[in-house]
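**Student:** Handing you this structure, nothing more for now.
The values are calculated or read from the model by the stated rules, or taken from the named source; none is laboratory data. Just so it is clear, the structure is predicted and the values come from calculations on it, not from any experiment. Cβ coordinates were reconstructed from backbone atoms using ideal geometry, including for glycine residues, and neighbour counts include every protein chain displayed.
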Amino acid sequence: MIKVLIVDDHPSTAHGLAALLDRQADLEVLGVAGAVEEALRLVGELRPDVVVCDIELNGAPGGFEIARRLQEGSGPAVLLFSSFDYPAFRQRAFDLLVAGYLLKTASLDEIASAIRSVAAGGTAFDASAMHDAALAPRHPSDRELELIRLVQDGLSNDEAAIRLGIGTRGVESSLRRLFGRYGVFNRTALVELAEAQGWLALADKRSD
């Protein structure tokens with residue numbers, strides 16, 4: 001019997017998934033949690049084999065925090081379960097050595113199969129997700145993301161320079177460097193790339 005803990009801050013989602021998984025002959029849901037500390041406490045008390053965890057918990061990237069903290073011991077496998085379909089989020093999952101990453105559009109059969117796979121020591125990343133993350137462009141630095149955010153907000157180079165506390169030439173140089181690195185030719189294309197990759201969304205979640 002594979003023992004599962006579900007972590008999601010929407011009770012209806014957590015309990016609904018728990019009820020469905022409990023119908024699988026080889027899966028047993030030990031409990032549900034809606035926050036980071038509660039989840040970690042239940043991991044210690046219940047000793048699940050797999051933690052199925054949403055990334056966003058109460059407006060913050062709690063799933064990533066749980067995965068990071070469970071890395072420190074020989075705890076359960078972490079299977080992230082999210083609505084965020086961004087290469088940057090998958091890359092963050094890889095960096096944290098999670099066992100799998102599923103979108104919330106996955107079927108019950110896909111979820112159950114993923115749980116079985118990670119419980120057996122395998123992984124649950126679909127091939128396209130692994131390919132996308134492997135080929136994802138280098139993540140911008142925090143300072144570069146700050147500049148991209150200002151560009152997204154419509155600030156001119158002069159205005160961005162004031163916000164960043166640097167000269168206008170520094171902003172222009174940074175933008176040229178970003179254009180060259182990512183193969184884009186203007187500010188709009190740079191922002192579109194940042195949005196498509198999930199860099200800005202990931203930064204927002206980390207700062208919440």
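**Student:** Taking region 85-115 as the region of interest, how many residues are in a loop (DSSP other than H, G, I, E, B) and closer than 16 Å to Val52 by Cα? Reasoning before the result, please.
**Tutor:** Going through region 85-115, the residues in a loop (DSSP other than H, G, I, E, B) turn out to be 85-86, 96-99, 104-107.
With the extra rule that they be closer than 16 Å to Val52 by Cα, the set shrinks to 96-99, 104-107.
Residues flagged as in a loop (DSSP other than H, G, I, E, B) and closer than 16 Å to Val52 by Cα within region 85-115 amount to 8.
**Student:** Which one of these is assigned to a helix (DSSP H, G or I) and of a type outside the set (Phe, Trp, Tyr): Gly44, Gly121? Break it down stepwise before answering.
**Tutor:** Numbers: Gly121 fails: assigned to a helix (DSSP H, G or I).
Result of the check over Gly44, Gly121: Gly44.
**Student:** A further question follows. Scan region 148-162 residue by residue and report those that are in a loop (DSSP other than H, G, I, E, B) and surrounded by 11 or more Cβ atoms within 10 Å (Cβ to Cβ).
**Tutor:** Initial filter on region 148-162 (in a loop (DSSP other than H, G, I, E, B)): 153-156.
Passing the criteria: Asp153, Leu155, Ser156.
**Student:** Name the single residue that is nearest to Leu178 (Cα to Cα) among those in region 124-139 being at pLDDT below 70 and charged (D, E, K, R).
**Tutor:** Applying the first criterion (at pLDDT below 70) to region 124-139 yields 126-136.
Restricting the remaining residues to those that are charged (D, E, K, R) gives 126, 132.
On the way: Asp126: 30, Asp132: 20 Å.
For region 124-139, the residue satisfying everything is Asp132.
**Student:** Has region 140-147 got any residue that is at pLDDT 90 or above, surrounded by 22 or more Cβ atoms within 10 Å (Cβ to Cβ) and touching a strand residue (DSSP E or B) at 6+ places or on another chain (Cβ under 7 Å)?
**Tutor:** No, the conditions are met nowhere in region 140-147.
**Student:** Cβ-Cβ distance below 6 Å, separation of 6 or more or different chains: which pairs start in region 160-171 with a residue that is within 16 Å of Arg149 (Cα to Cα) and end on one that is among the β-branched types (Val, Ile, Thr) and assigned to a helix (DSSP H, G or I)?
**Tutor:** From residues that are within 16 Å of Arg149 (Cα to Cα), the pairs are Ala160/Val171; Ala161/Thr168; Ala161/Val171.
**Student:** OK, next. Of these, Leu46, Leu27, Leu40, which one is over 23 Å from the mean Cα position of the chain (by Cα), of a type outside the set (D, E, K, R), assigned by TED's automatic domain parsing to the domain that holds Gly63 and farther than 14 Å from Leu79 by Cβ? Even if it seems obvious, please write down each step before you answer.
**Tutor:** Working: Leu27 fails: farther than 14 Å from Leu79 by Cβ; Leu40 fails: over 23 Å from the mean Cα position of the chain (by Cα).
Result of the check over Leu46, Leu27, Leu40: Leu46.
**Student:** For region 103-115, enumerate the residues that are over 17 Å from Gly16 (Cα atoms) and surrounded by fewer than 21 Cβ atoms within 10 Å (Cβ to Cβ). So that I can check it myself, show each step before the final result.
**Tutor:** First pass over region 103-115, keeping only residues over 17 Å from Gly16 (Cα atoms): 113-114.
Scanning region 103-115 gives a single hit, Ser113.
**Student:** Yes or no: region 56-66 includes at least one residue that is of a type in the set (A, V, I, L, M), touching a helix residue (DSSP H, G or I) at 6+ places or on another chain (Cβ under 8 Å) and buried (at least 22 other Cβ atoms within 10 Å of the Cβ).
**Tutor:** The initial filter retains those residues of region 56-66 that are of a type in the set (A, V, I, L, M), namely 57, 60, 66.
Restricting the remaining residues to those that are touching a helix residue (DSSP H, G or I) at 6+ places or on another chain (Cβ under 8 Å) gives 57, 60, 66.
Going one step further and asking which of them are buried (at least 22 other Cβ atoms within 10 Å of the Cβ), we end up with 57, 66.
Yes, some residue in region 56-66 is of a type in the set (A, V, I, L, M), touching a helix residue (DSSP H, G or I) at 6+ places or on another chain (Cβ under 8 Å) and buried (at least 22 other Cβ atoms within 10 Å of the Cβ).
**Student:** Same structure, new question: Taking Leu30 as meeting all but one of (1) without any contact (Cβ under 8 Å) to a residue 40 or more places away in the chain; (2) under 18 Å from Ala106 (Cβ atoms); (3) not polar (S, T, N, Q), write down the number of the exception.
**Tutor:** With (1) without any contact (Cβ under 8 Å) to a residue 40 or more places away in the chain; (2) under 18 Å from Ala106 (Cβ atoms); (3) not polar (S, T, N, Q) applied to Leu30, the lone miss is (2).
**Student:** Identify the single condition in (1) of a type in the set (Val, Ile, Thr); (2) touching a helix residue (DSSP H, G or I) at 6+ places or on another chain (Cβ under 7 Å); (3) over 21 Å from Leu42 (Cβ atoms) that Val98 does not satisfy, given that it satisfies every other one.
**Tutor:** Failed condition: (3).
**Student:** Being in the same structural domain as Ala124 (by TED's automatic domain parsing), closer than 23 Å to Leu97 by Cβ and in a loop (DSSP other than H, G, I, E, B) narrows it down to one of Ile6, Ile66, Ile55, so name that one. So that I can check it myself, show each step before the final result.
**Tutor:** Details: Ile6 fails: in a loop (DSSP other than H, G, I, E, B); Ile66 fails: in a loop (DSSP other than H, G, I, E, B).
Every option except Ile55 fails the conditions.
**Student:** Can you pull out the residues in region 163-175 that are more than 22 Å from Leu193 (Cα to Cα) and surrounded by 14 or more Cβ atoms within 10 Å (Cβ to Cβ)? Outline the logic, then answer.
**Tutor:** Step one: list which residues in region 163-175 are more than 22 Å from Leu193 (Cα to Cα), which gives 163, 165-169.
Passing the criteria: Arg163, Ile166, Thr168.
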